[in-house]
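A.B. asks: Questions regarding the structure given below will be posed in turn.
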Amino acid sequence: MPAPEASQDTASLVKRLAGPSVTKAGLAKDQTEINQIIAEASKGSKFYDNEKRKDKDLTERIAGILKQRGDLLRNADIPKIERTVDHMIADLEAHRDLTQIIVHVDMDAFYANVEMLDNPSLAGKPFGVGHLHGVLTTASYEARKYGARSGMPGFIAKKLCPDLIFVDMHFKRYSEMSDVIMAIFKQYDPNMYPAGCDEGYLNITKYCEEHSLSAENCVQEMRERVRRETNLTVSAGIAPNKMLAKICSDKNKPNGQFHLPFDRNAIVSFMHDLSIRKIPGIGRVNERLLESIGIKTCGDIYTYRATLCLMDKYFGLQFLLRTHLGIASNSVQPVQREERKSIGAERTFSPLGDKEQILKKLEEVALELESDMQKSGWAGRTLTLKYKLDTYQVFTRAKSFDRWISKKDDLFSTGKELLMHEWPVKLRLIGLRMTKLKDLRATEDKGIKRFFSAAGPSSPGKRQKIERREDLESEGELDAADEAREDYESMPGYEEHEFEEAGLEIEIPDDLATGASSSGQALRPASHAKPPSFLSHTKPASSSSKPVSTKPRSSAHKPRSAAAPKEGVRSCICPICGKIMDTDNSGLNAHVDFCLSRGAILEAQVQSLNPQERKGKKR
DNA sequence: CAAAGCAAA
DNA sequence: CGCGTTTGCTTTG
């Protein structure tokens, strides 16, 4: 037993080292001991030092937040604030929608179980999919009992479970099986939303109606079909919205399902004792931030509502209130747009300091990116170089162009240019990412041209976007925009499934129609009720914290490009400058881009007038 | 616009 | 022994 560190709170560091996917388990009896072993195995490494540094940073950040909390609470009219928040809650409650039956389906230890299918001798044995020298993508349930988990480095998993067997990955197989199960799910909801290759969301309201089935029987039947046709098991959660369904699918995993009563009180009490860490969107950092002010469970959110209101900028009051109430989006849609935001490639290697060797890696990455971009038909205007020092510190350097980039030579030379500016460095990872993309395949499907070219939809590529917005009025929840990616042709390398709770695409508040504007809500910064993302650095208290100004300051806000314009064909108005134009969608987009970047540049310039000197260490 | 950081699959 | 990859999004400068 290692003696407690002399320094300070070792607990948070030990927990951090355990990795991000420690959440549920329900398996390993003594997580503490496991965490100790992990910490022990990591000690002395550069990775460990880096985690230690991050942990210290976070601890300091928390100290700053707590200090500010003290200042704010000192001269605040708590009862009044609480009344205000209670109004917000009533408002949210008034919009609760229990009419839709949402299901989250999640394959059990997907990769591992597929491997077991192809190699029955693995049954009952502890094994992990991955290499001893890499990280596990999945661990069999047997292995999980020892604390081995996905995302864990092989050698640590081996330490926890000496008999652990390492099994190679077979993406082709997983993808194949994925197609099979998705096809089954689609029969229950043609609009289902696949969230990765082994899970998805369904709205089975209609199916149940048409087949006179209860939700539970329906899901039971669906799971049984999957098992029959693939010999794989799937767990499911049934609830009135995606967040709840996601949480529920984990409740009786593996090979089980959980049905949450569609009842307000049942839901709120379900949330009451639920750890905030189970909420999709709340990760390790946000968990610690919330815990620092006393919030461990969703029930605690209500207890500390006044504090949260006062510190909305850090914690995202709206999001947390909805979480506390168990309210979230219940909109399930197919994968509604190919609006990809970025495309990139990166690679880790044993630390290198030699220029030629590093440039070689960069070239490989550039080549890979070019190939990917070509394959999927993209070009971009901003290239970002990412590099990780041998100390595990990560940096990014970007450069924008006035033309579209996609060729390897451009990628490489730009990446080199950006990198040379940082020289000398010793790296363990290098990567390139293109943003501000242009869809090379979409140009002629868009806008008016589409009316003339009755060409076959045969292109092997992607679908076009399908915007639709009318349901904005519909009431209840509604996502502003569910993201979705797709073609997992060139699949990444890992997925991290399983038992990690993992996320789901988060729900999106959409302050528009819902709550928000109506009643007098105080304090409503442009803070989306999105997931939290309450990071931000400690900042001076800016005494402006008066949650009592019954006026939502909505106007002075930068027009979020995504929220406004839709498929325009004829004349449209630029949401930024108001100019009226006759152009198609891509024309408008180009103009909007221009407007936005013009504003951003101006802003950036203005701000850089008073330098801030804050660059840090590096080297 | 550029850079850092969080989260999720 | 040697702790991954891809994407999206928010915040800060």
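A.B. asks: State yes or no: is A:Leu320 within 21 Å of A:Ile78 (Cβ to Cβ), within 18 Å of the chain's Cα centre (by Cα) and buried (at least 24 other Cβ atoms within 10 Å of the Cβ)?
C.D. replies: yes
A.B. asks: Related question: Only residues that are crowded, with 16+ Cβ neighbours inside 10 Å and in contact with a Cys (Cβ under 7 Å, 6 or more places away or on another chain): list them for segment A:150-187, please.
C.D. replies: Across segment A:150-187, the qualifying residues are A:Tyr174, A:Ser178.
A.B. asks: What do you reckon, is A:Ile301 touching a Lys or Arg at 6+ places or on another chain (Cβ under 9 Å), away from DNA strand C (no atom under 16 Å from the Cβ) and at pLDDT 95 or above?
C.D. replies: no
A.B. asks: Can you tell me which residues in segment A:175-201 are more than 25 Å from A:Ile102 (Cα to Cα) and either touching a residue at least 24 places away in the same chain (Cβ under 8 Å) or of a type in the set (Ser, Thr, Tyr) (or both)?
C.D. replies: Within segment A:175-201, no residue meets the criteria.
A.B. asks: Restricting the search to segment A:364-386, which residues are of a type in the set (Lys, Arg) and assigned to a strand (DSSP E or B)?
C.D. replies: A:Arg381, A:Lys386
A.B. asks: Separate question: Assess whether A:Glu370 counts as being more than 12 Å from DNA strand B (Cβ to nearest atom), surrounded by fewer than 19 Cβ atoms within 10 Å (Cβ to Cβ) and more than 30 Å from A:Lys186 (Cβ to Cβ).
C.D. replies: Criteria not met by A:Glu370.
A.B. asks: List the residue pairs whose Cβ atoms are under 6 Å apart, where the first residue sits in segment A:25-49 and is modelled with pLDDT of 90 or more, the second is of a type in the set (S, T, N, Q) and within 16 Å of DNA strand B (Cβ to nearest atom), and the two are 6 or more positions apart or on different chains.
C.D. replies: A:Lys46/A:Thr391
A.B. asks: Taking the condition of being within 15 Å of DNA strand C (Cβ to nearest atom) and among the basic types (Lys, Arg), how many residues in segment A:274-290 meet it?
C.D. replies: 1
A.B. asks: Could I ask something else about it? Among (1) more than 16 Å from DNA strand B (Cβ to nearest atom); (2) closer than 22 Å to A:Ile204 by Cβ, there is one condition A:Leu164 misses while meeting the rest; what is its number?
C.D. replies: (2)
A.B. asks: Here is a check on your reading of the model: is A:Asp97 part of a loop (DSSP other than H, G, I, E, B), away from DNA strand B (no atom under 15 Å from the Cβ) and out of contact with any Phe, Trp or Tyr (no Cβ under 7 Å at 6 or more places or on another chain)?
C.D. replies: yes
A.B. asks: Related question: Please pick out the residue among A:Lys360, A:Lys313 that is out of contact with any Ser or Thr (no Cβ under 6 Å at 6 or more places or on another chain), at pLDDT below 95 and part of a helix (DSSP H, G or I).
C.D. replies: From the options A:Lys360, A:Lys313, the qualifying one is A:Lys313.
A.B. asks: Out of everything in segment A:1-24 that is charged (D, E, K, R) and within 16 Å of DNA strand B (Cβ to nearest atom), what residue ends up being modelled with the lowest pLDDT?
C.D. replies: Here the residue is A:Lys24.
A.B. asks: Here's something else I'd like to know. Please enumerate the residues belonging to segment A:188-214 that are touching a helix residue (DSSP H, G or I) at 6+ places or on another chain (Cβ under 8 Å) and either among the basic types (Lys, Arg) or more than 16 Å from DNA strand C (Cβ to nearest atom) (or both).
C.D. replies: Passing the criteria: A:Tyr188, A:Asp189, A:Met192, A:Gly200, A:Tyr201, A:Leu202, A:Ile204, A:Tyr207, A:Cys208, A:His211, A:Leu213, A:Ser214.
A.B. asks: In addition: For A:Tyr314, state whether it is within 14 Å of DNA strand B (Cβ to nearest atom), touching a residue at least 60 places away in the same chain (Cβ under 8 Å) and of a type in the set (Ser, Thr, Tyr).
C.D. replies: yes
A.B. asks: If we keep just the residues of segment A:396-429 that are within 14 Å of DNA strand C (Cβ to nearest atom) and part of a strand (DSSP E or B), which is surrounded by the fewest Cβ atoms within 10 Å (Cβ to Cβ)?
C.D. replies: In this case the residue turns out to be A:Thr396.
The values are calculated or read from the model by the stated rules, or taken from the named source; none is laboratory data. The structure presented is a predicted model; accordingly, all values stated were derived computationally and were not measured. No Cβ is skipped: glycine too gets one built from the backbone with ideal geometry, and neighbour counts run over all protein chains shown.
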